[in-house]
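Step one of this worksheet: look at the structure below.
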Amino acid sequence: MNAPERLLDRLQPLQVSPLTLTQVRLSKLALLLGDGLAFALAFGLATWITISMLSLDLGVWWRGQHTQRFAAWAVISVLGLVVLLTRFQHYSDRRSFWDELSDFIKLLGVLSLLDMSLIAVNRWEASRLWWVIAWVTTLSMLVVMRSLTRLVLKSLNVWVRPTIIIGVGANASDAALALHSQSELGLKVFGFVDAGSMPADQVADTLPRFLDAQIQKVAQLPGIQWVIALEHAQADQREYWLRVLAQWGATDISVIPAMRGVPLHGTDMSHFFSHEVAMLRMRNNLRRWPARLTKRIFDTLSALVLLILLSPLMLVVGLLIRRDGGSALFAHSRVGKRGKVFHCYKFRTMVVDAEKRLEHLLHQRPELRSQWENERKLKYDPRVNRIGRFLRATSLDELPQLINVIRGEMSLVGPRPVVRAELRRFGADVDYYLMVRPGMTGLWQISGRSQLDYDKRVYLDVWYVKNWSLWYDLIILFKTVRVVIDRHGAY
């Protein structure tokens, strides 16, 4: 039995139409009910926390509030569910965790202001403390209930949807990796369809494959997610598969166009009446001064707060490093925004005469020279002292870079700071690197750190510059904490 036949056998149990259609609808309904329960739990928790903090009896506190105010809150909650259903389409489309969280924050920000406006206009007696706790708790409950709902649906085998990708090239491979990286979407790639007309040397390692003769039978199965991820030169095939899948009755079809290198975040799409033409409006946020100002203010204020909070820890680390007689800080030259060279500060993690030992080490062990030339660091560097290994594993050695951030030489989040010799590794994309300040952390740090090859680091740094947003900075900072705790990929 060949691979496509084995794959088809794995999909055969999904042919029970009534049950499968019910399961698909159940997963959507479960999300809606879970969100409704989240609003109800937030109401109860906010009430309990408020009366506990004020040391009041529930009956006494309740009699001091206008009941119309709580009826309005219930109506606002229902309105929130309607917006999630219609505007954000959370119950029909699968969305990643961070996109969901972003939508929740936007929605609850508007709903909370509406709630406050109703209180002010009607002059209701309402607890300000309850208002704050209720909306903060609602955000937490929505996130928690979404996660719990997915776990329940997975345990009932009604969340994961078999996904078939039309295409076998680089775009199809990237699409599969992207879907796999967002496991909360529940879209599991079962196989690929060779749409033809691709040179053999451009076919990626996209297996297993479906045969054309099998596709019609599979397309008739409910609950299958189809993703068309063809290359630029396969426009005719894309049109063909869109038409054919629709004729065969496939209901869930998505298209992932080949757009590698195109900035995506903040890009607007418009189409023209009676023409099959889409126009993308590019918006590189970091070329706009309001965005740059926002990032700079966020960096400066956050770095000042962190420096104050972490100063006792930094003092202790500095004293421990000074025990061998050398300086606690090490300043190395790095290239910053617009090519300006600056001194990047770190806690010293090596022996005092590390620079002198490097040439001797590379001469004695030639196998290390290629690693040094490629990565500008050694995985098992004998020059690192005992405390230095701990500092590197936990990234505490980089805390002095908060000073660079305050001085405007670095950012909290940005591309990895490099020496001038490394700029050639960016090739034609070097202008993206020089457009921004390098960061204390960035995409490469949360994507594998030192385990990534240099080309992947360059790709991630360039992607960050093209698609910057303050929301992405917050996500990267949040993930950095987890990566540092796990000590994954550090040396």
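Read-outs throughout are calculated quantities, based only on the coordinates presented, and are distinct from any laboratory measurement. This one's a predicted model, so the numbers in the text were calculated from it and none came from an experiment. Note that we place each Cβ from the backbone using ideal geometry, even for glycine, and neighbour counts take in every protein chain shown.
Observations
- A simple rule links phi to the HN-Hα coupling: the Karplus curve 6.51 cos²θ - 1.76 cosθ + 1.60 with θ = phi - 60°, which for region 270-282 gives 9, 10, 10, 4, 6, 10, 8, 10, 10, 10, 9, 9, 6 Hz, with x for Gly and Pro.
- Farthest toward positive dipole pole in the chain [+1 Lys/Arg, -1 Asp/Glu at C-beta], among Val244, Phe298, Gly59: Phe298
- Charge dipole of the chain about the Cα centre (unit charges at C-beta), most positive-ward option of Gly169, Val75, Gln445: Gln445
- Charge dipole (Cα centre; +1 on Lys/Arg Cβ, -1 on Asp/Glu Cβ; no other charges) of region 274-360 amounts to roughly 460 debye.
- Unit charges at the beta carbon, dipole of the chain: most positive-side option, Ala204, Val351, Met141: Val351
- Under-5 Å amide H pairs with Val418, H placed in peptide plane, nonlocal only: Val335
- In this rough spin-label picture, where each label sits 7 Å from Cα along the Cβ direction, the Arg357-Gln68 distance is 7.7 nm.
- Amide H to amide H distances under 5 Å link Ile228 with Ile166, Ser254, Val255, Ile256, where only residues 5 or more positions off or on other chains count and H is placed in the peptide plane.
- Amide H contacts of Ala204 (H built 1.01 Å from N, under 5 Å, at least 5 apart or other chain): Gly169, Ala170
- Test item: Cα-centred dipole of the chain, Lys/Arg +1 and Asp/Glu -1 on Cβ, debye: 1540
- Here the spin labels are modelled as points 7 Å beyond Cα on the Cα-Cβ line, and at Val152 and His180 they lie 3.1 nm apart.
- Region 190-195 - phi-based ³J(HN,Hα) in whole Hz, Karplus 6.51/-1.76/1.60, Gly and Pro as x: 9, x, 10, 10, 7, 7
- Our coupling estimate for region 224-241, obtained by passing each phi through the Karplus curve with A = 6.51, B = -1.76, C = 1.60 and θ = phi - 60°, is 9, 9, 9, 10, 8, 10, 9, 8, 4, 7, 10, 4, 5, 5, 4, 5, 4, 5 Hz, Gly and Pro reported as x.
- Correct option for Cα extents along the principal axes in Å [calculated from the coordinates] among (1) 66, 62, 48; (2) 74, 74, 44; (3) 86, 62, 45: (2)
- Size of charge dipole - region 160-260 - debye, nearest 20, with Cβ of Lys, Arg +1 and Asp, Glu -1, no other charges: 280
- Within-15-Å neighbourhood charge of Leu280 [Cβ basis; K, R +1; D, E -1]: +2
- Here the alpha carbons of region 160-260 define both size measures, Rg and Dmax, at 12.5, 35 Å.
- Sites listed here are chymotrypsin sites (Phe, Trp or Tyr not before Pro) in region 379-469 whose DSSP assignment is loop and whose Cβ has at most 10 other Cβ atoms within 10 Å: Tyr380.
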